[in-house]
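K.L.:
Handing you this structure, nothing more for now.
The values are calculated or read from the model by the stated rules, or taken from the named source; none is laboratory data. Computed from a predicted model, the values in this text were never measured in an experiment. No Cβ is skipped: glycine too gets one built from the backbone with ideal geometry, and neighbour counts run over all protein chains shown.
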Amino acid sequence: MTEQIEQIRAVMKRVFGFDDFRPGQEETLLKTMTGQPTLAVLPTGAGKTLLYQLPGVMLDGLVVIITPLISLMQDQVDRLRNVGQSRVAALNSSLDYQEQRWVLSHLSDLDFLFTSPETLIKPDVLRALHNQTISLFVIDEAHCISQWGPDFRPEYLLLNQALTTLKPQRLLMLTATATPAVQDDIINRLGLNINQVSRVVESVNRPNIFLAVQHLDNQDAKRRRLLELVTKLGTSGIVYLSSREGANQLAAWLNEQTSLRVAAYHAGVAPIDRYRIQQQFLTGTLDLVVATSAFGMGIDKSDIRYVIHFQMPVSLEAYVQEIGRAGRDSRQALAILLYCRGDEQIPLLLGKIDLPSAEILDQIKVGKTTDTILGDAAHVVSFYLTQGMSGREVVNVFAKLEEKRAGQVQRMLSYVQEDGCRRQNLLAYFGQREFLSDKFTCCDLTNPDWVVADLDLPPVQKKVSLPVLDWRSRLESLFAQPGLG
Ligand SMILES: [Zn+2]
């Protein structure tokens, strides 16, 4: 064991230039390398990429990394190239047919392959990978397997079959937030034995983020409070809400009312503009992003000082992920949720999918009715139907998921209505009870007299400034795009 750790340390120093492990890294690496299927729940910023980069350097064979966002794959490929690892490729739908063929015919020249679940489960991809020695199979953002919502990716459910086909030598599941129940769900859905999977779970507690909820009488009062907060807090922050239209309007309004540089970000913004907004936010030429949950995964900005929720997120998991983007530099940060009575209706409605009857679903299954009547749910429902489910079974699956979702919203509401300590409430949900915290910097309940000025938020460092685009005209052009997410 010690010998292996020494070896790992030596490679870490030589290839990646690190002297020490971050919490959870050493344990995860040791378990993974010795061949134990491992589920690691490590907060964002814990250095998760090293957990597969390092084995990839030490082991013979291919490391396959399943990752949900195509936009992040290139970033991950570049990072590996930056540390001198050139035998790396991404395989996804952004490549044309020829490029995909090329990657598949050069698998034996690679140490690392990044791909999405949708691409992985294609028969020709599975066939090509089947002929390779896969030294490590990594499922990044593994909570996606257990997730439910409009963004649900049903192909995650086929990863268990892919594992059976590919028989990788080692398996690592990575996620930033997962309750014990979600951890079990991930393991079960991958067809693994609960008792044979090792878990490395680091606390979700972020002591440098002050937690607050403010109850307001109506939506108008909420807007006024938001304006007051962002004016005081300045740069850099994120305001989360649930609709695209709402994000556009709020961003335009804040641009008008403040001297801050504000942009809206959601799935309806063109990819090129999304990329630009991310870059401007990273380099400090944007102060504030008003966003739906589409903004965040892969945002590696260490000095975000505050996250304001203008609407309730769909679950405490989502909340923890979203506020976790603040204060990555370990300095003081603020997470505040603005709440009006009845706000919980929004996440409840968001999860609602109006399914046609079981009979109509059966007709769709045999091709007698078109699946266009399913609207947004078409992809997910068609997936279940082609997997052999009957219309009745699909209706039951959706009913169960809706129940689960309502429970998550209810649990989020209990955080909002907590009267003891918010941190305790949040950690209890993740099965963690022990924590050390100064009641003054903990939450609005343990420090009821808190004001923004007392929080000791560090001033933001001025950075190289890039030309700022005309956001107002951009926002106006976005107004035309209704819809959610
Ligand atoms: Zn507290």
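K.L.:
Out of GLN424, GLN432, I need the residue that is in a helix (DSSP H, G or I) and assigned by TED's automatic domain parsing to the domain that holds ARG341. Which one?
P.N.:
None of the others qualify; the one that does is GLN424.
K.L.:
Can you tell me which residue among GLY431, GLY367, GLY342 is in contact with a strand residue (DSSP E or B) (Cβ under 9 Å, 6 or more places away or on another chain) and either modelled with pLDDT of 85 or more or among the basic types (Lys, Arg) (or both)?
P.N.:
GLY431
K.L.:
Now a separate question. Among the numbered criteria (1) assigned to a helix (DSSP H, G or I); (2) within 12 Å of the ligand (Cβ to nearest atom); (3) surrounded by fewer than 17 Cβ atoms within 10 Å (Cβ to Cβ), which one does ASP419 miss?
P.N.:
(1)
K.L.:
Could we say that LEU401 is within 27 Å of the chain's Cα centre (by Cα) and crowded, with 17+ Cβ neighbours inside 10 Å here?
P.N.:
Details: within 27 Å of the chain's Cα centre (by Cα): yes; crowded, with 17+ Cβ neighbours inside 10 Å: no.
Here the answer is no, as LEU401 does not meet what is asked.
K.L.:
Residue under question is SER390, and the condition is that it be loosely packed, with under 15 Cβ neighbours inside 10 Å, away from the ligand (no atom under 16 Å from the Cβ) and in contact (Cβ under 8 Å) with a residue 12 or more places away in the chain; does it hold?
P.N.:
Numbers: loosely packed, with under 15 Cβ neighbours inside 10 Å: yes; away from the ligand (no atom under 16 Å from the Cβ): yes; in contact (Cβ under 8 Å) with a residue 12 or more places away in the chain: yes.
Spelling it out, SER390 is indeed loosely packed, with under 15 Cβ neighbours inside 10 Å, away from the ligand (no atom under 16 Å from the Cβ) and in contact (Cβ under 8 Å) with a residue 12 or more places away in the chain.
K.L.:
Restricting the stretch 17-46 to residues that are more than 22 Å from the chain's Cα centre (by Cα) and under 24 Å from ARG325 (Cβ atoms), which is surrounded by the fewest Cβ atoms within 10 Å (Cβ to Cβ)?
P.N.:
PHE18
K.L.:
A further question on this structure: Which residue pairs have Cβ atoms closer than 8 Å, lie 6 or more positions apart in sequence or on different chains, and pair a first residue in the stretch 415-426 that is more than 19 Å from PRO313 (Cβ to Cβ) with a second residue that is within 8 Å of the ligand (Cβ to nearest atom) and aliphatic (A, V, I, L, M)?
P.N.:
From the stretch 415-426, the pairs are ASP419/LEU445; GLY420/LEU445; CYS421/LEU445.
K.L.:
Also, quick follow-up: Hey, among LYS167, LYS222, which residue is buried (at least 18 other Cβ atoms within 10 Å of the Cβ) and modelled with pLDDT of 95 or more?
P.N.:
When all the criteria are applied, what remains is LYS222.
K.L.:
Name every residue in the stretch 135-184 that is in contact with a Cys (Cβ under 9 Å, 6 or more places away or on another chain) and within 23 Å of GLY431 (Cα to Cα), in order of residue number.
P.N.:
THR175, the sole residue that qualifies.
K.L.:
I'd like to check something: does the stretch 438-448 contain any residue that is more than 20 Å from ILE304 (Cβ to Cβ), at pLDDT below 85, within 15 Å of the ligand (Cβ to nearest atom) and assigned to a loop (DSSP other than H, G, I, E, B)?
P.N.:
Yes, because at least one residue in the stretch 438-448 is more than 20 Å from ILE304 (Cβ to Cβ), at pLDDT below 85, within 15 Å of the ligand (Cβ to nearest atom) and assigned to a loop (DSSP other than H, G, I, E, B).
K.L.:
Follow-up. Report whether or not ILE209 is within 16 Å of the ligand (Cβ to nearest atom), in contact with a helix residue (DSSP H, G or I) (Cβ under 9 Å, 6 or more places away or on another chain) and in contact (Cβ under 8 Å) with a residue 12 or more places away in the chain.
P.N.:
Details: within 16 Å of the ligand (Cβ to nearest atom): yes; in contact with a helix residue (DSSP H, G or I) (Cβ under 9 Å, 6 or more places away or on another chain): yes; in contact (Cβ under 8 Å) with a residue 12 or more places away in the chain: yes.
It is true that ILE209 is within 16 Å of the ligand (Cβ to nearest atom), in contact with a helix residue (DSSP H, G or I) (Cβ under 9 Å, 6 or more places away or on another chain) and in contact (Cβ under 8 Å) with a residue 12 or more places away in the chain.
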